[in-house]
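Below is one structure, written out as structure tokens; the observations come after it.
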Amino acid sequence: MDRYIVFLKQVPQSTKVDIDPVTKTLKRASAMSRTNPDDLCALQAALDMKRDTGAEVVAVSMGPDKAVDVLREALQLGADRAVLLSSPAFAGSDTLCTSMALAAVARKIGFDMLFFGRMAVDGDTAQVGPEVAAQLGIPQLTHIVEIDSVDKDSITVTRENGETVQRLRVSTPCALMASKEFTVAPPTLAGWRRAQRQEITRWSEADIDLSPADVGLKASPTKVVSTSVIRNKKNTRWIGSCEDFVQAMACCAAK
């Protein structure tokens, strides 16, 4: 049986997120969260292919314990099983360390195709999917808008490249980064009940043959020096007459 792994990330539900003053990273554990929207599109792409190929769909998320909610949602929508990669050692991992961990998970599970969302809304780097593909030495296709056909050894997809639309065929195994064109099917009560009954596998860094020194903030080459909130200052002046208005406009024109 073919196996598709879909990677999903839990992201803050709003822009009002606290920043750790020491590490300069997001305080994810205390923030209201949701599944990254692009990752749900990737899940839908995998589920659409599953109907044609009969493949097993495995949902994987890396994050704190509350990231289990992301995996419950994936199971509810149709994923067959789920794996949560969670450990204090992963805290503060940048895209490189994250990709190392996810690649290790993919090796352990085994796969025919990997699915990622185009990017995460809390980082906007679009780096993790391509980096995982590079770690594994497999082809990657970004900005996928449609899956045209799948056979035993290859897949044909349509992708957007700026103003250009391309139709490409690539050998498998490969990694696909899905765009928003995949419409996520609505959840069902039967799916919710099934998701609540299923057990979610939990792995730490030791389960995927990594050490704490390989991941986390200290192992990450990306260092955040500082963060700041942009504040726009506006001066308000009340104009009480037409003469004052004309004078104000003249001053603006002079500047």
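Coordinate-derived values only; no laboratory data. Quantities reported herein were computed from a predicted structural model and do not represent experimental measurements. Ideal geometry is used to build each Cβ from the backbone, glycine not excepted, and the neighbour counts take in all protein chains shown.
The mean of 1/r over all pairs of different alpha-carbon atoms in segment 167-250, once inverted, gives a Kirkwood hydrodynamic radius of 22.0 Å. When peptides 169-176, 204-211 are sorted by average Cβ neighbour count within 10 Å, with the highest value leading, the order is 169-176, 204-211.
Once you have a ≥ b ≥ c as the square roots of the Cα gyration tensor eigenvalues for segment 119-190, tell me rounded if a/c is under 1.5, and otherwise prolate or oblate according to whether a/b is larger than b/c.
Values: a/c = 1.35, a/b = 1.13, b/c = 1.19.
Verdict is rounded for segment 119-190.
For the Cα trace of the chain, dividing Rg by the Kirkwood Rh returns an Rg/Rh value of 1.12. Among Val165, Ser154, Pro130, flag the residue with its Cα farthest along the positive direction of the charge dipole of segment 91-177, charges on Cβ as +1 for Lys/Arg and -1 for Asp/Glu. Ranked along the dipole, the leading option is Ser154.
Based on Cβ point charges of +1 for Lys and Arg and -1 for Asp and Glu, what charge dipole magnitude is obtained for the chain about its Cα centre, in debye rounded to the nearest 20?
Numbers: 31 positive and 31 negative charges, 161 e Å.
Dipole magnitude for the chain comes out near 780 debye.
For the chain, lysine pairs with C-alpha atoms less than 14 angstrom apart, excluding pairs fewer than eight positions apart on the same chain, total 6.
Would you calculate, for the chain, the mean residue ellipticity at 222 nm contributed by helices, counting each DSSP H stretch of 4 or more residues as -39,500 (n - 2.57) and dividing by all residues, to the nearest 500? Intermediate values should be presented prior to the final figure.
Numbers: 6 runs with 73 residues, N = 255.
-9000 deg cm²/dmol, from helical runs alone.
Between Ser226 and Arg197, the distance separating the two model label sites (each 7 Å from Cα on the Cα→Cβ line) works out to 5.7 nm. The relative contact order of segment 3-254, computed from alpha carbon pairs under 8 Å that lie at least 6 residues apart in sequence, is 24 percent.
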